[in-house]
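Some notes on the structure that comes next.
The values are calculated or read from the model by the stated rules, or taken from the named source; none is laboratory data. No experiment lies behind these values; they were computed from the predicted model shown. In this analysis, Cβ positions are derived from the backbone assuming ideal geometry, glycine residues included, and neighbour counts consider all displayed protein chains. What goes into the accessible areas is simple: the full protein's heavy atoms, side chains included, and nothing from ligands, DNA or RNA. Shrake-Rupley method; radii C 1.70, N 1.55, O 1.52, S 1.80 Å.
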Amino acid sequence: MNPAIPTGWSEANIRRLAEKFASVMGYKPGAEISPIVEKKLHGTIQYLDWEDWQQKGAETIEVRGPGDFTIYLNRLGGMFNNRYGIAHELGHYILHSNLGEIPLWAQNNKKDERAEWEANWFAISLLMPEKAFRKHYQRNPNPWFLASRFLVSPEAVNIRKKTLDLE
């Protein structure tokens, strides 16, 4: 399997792509994200126990072909972390495997750091689209309030605030 090869696209282009992808998939901020993987893209999500996690590694994607991929998550990751993990791995599927055209095994490591950044940009924009985030931020900038609106961690909210120069 190939590692994720970075696209080299700008953060702004990846953010726009993620928001367009959300729109095409009918995803609304705070909605369940797993149906995109399982029903619309025909992939699977596998939750790993401790022993399996040690062998395979959580928050990993294995892409075998179009509509044939598995996202591996830590069973103990919690809702917020697993939502982010799914969005991140979708970033690899969209950006680095070209919707399954390029088989890959993407696991967070130092060799493909740029690819990891690209998947993070995709995830944060998918889960917290700019327009919706700014609207809720104006109502209440508290990270806990925003986390509850988008069903992400307060840490993810703080990163999004920073990427939108709201801090």
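Okay, here's what the table says:
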read-out	value
Between 0 and 90°, nearest 10: helix 11-25 axis offset from the chain longest Cα axis	80
Summed side-chain charge close to LEU146 - residues other than LEU146 whose Cβ falls under 10 Å, Lys, Arg +1, Asp, Glu -1	+4
The chain: angle of helix 78-91 to the longest principal axis, Cα-based, in degrees nearest 10	70
Percent antiparallel among DSSP beta bridges (both partners in the range 24-167, rounded to 5)	65
GluC sites (Glu not before Pro) restricted to the range 1-56 and DSSP loop, no more than 15 other C-beta within 10 Å	GLU32
Nitroxide proxy distance, nm - points 7 Å out along Cα→Cβ at LYS135 and TRP50	4.4
Rounded accessible area per residue of the chain, 1.4 Å, Å²	53
Distant-in-sequence amide H partners of TYR47 (H built 1.01 Å from N, under 5 Å)	LEU73
GluC sites (Glu not before Pro) within the range 64-118, DSSP loop, no more than 11 other Cβ atoms inside 10 Å	GLU101
Above-threshold pairs, the threshold being 23 Å between Cα atoms, out of LYS39/LYS161; LYS20/LYS131; LYS40/LYS135; LYS28/LYS131; LYS39/LYS131; LYS28/LYS135	LYS39/LYS161; LYS40/LYS135; LYS39/LYS131
Cα radius of gyration and Dmax for the chain (Å)	15.2, 46
Added length on full extension, which subtracts the Cα-Cα distance from 0.36 nm per residue, LYS28 to LEU99	23.5 nm
Most mobile listed residue (ASN98, ASN81, ASN120) in the chain, GNM with C-alpha springs under 10 Å	ASN98
Positive dipole terminus of the chain, leading residue within MET79, GLY26, ALA115 (C-beta point charges)	GLY26
Accessible-area order (highest first, 1.4 angstrom probe) of the listed residues THR70, THR44	THR44, THR70
Net charge of neighbours whose Cβ lies under 13 Å from the Cβ of ILE14, counting Lys and Arg as +1 and Asp and Glu as -1	-1
C-alpha long axis of helix 154-163 to longest principal axis of the chain, angle in °	80
Theoretical gain in end-to-end length, ARG16 to GLU155 [0.36 nm per residue, Cα-Cα removed]	47.8 nm
Assigned charges on the beta-carbon of Lys, Arg, Asp, Glu; the chain dipole about Cα centre (debye)	780
Cβ-placed point charges (K, R +1; D, E -1), dipole of the range 20-108 about Cα centre in debye, nearest 20	380
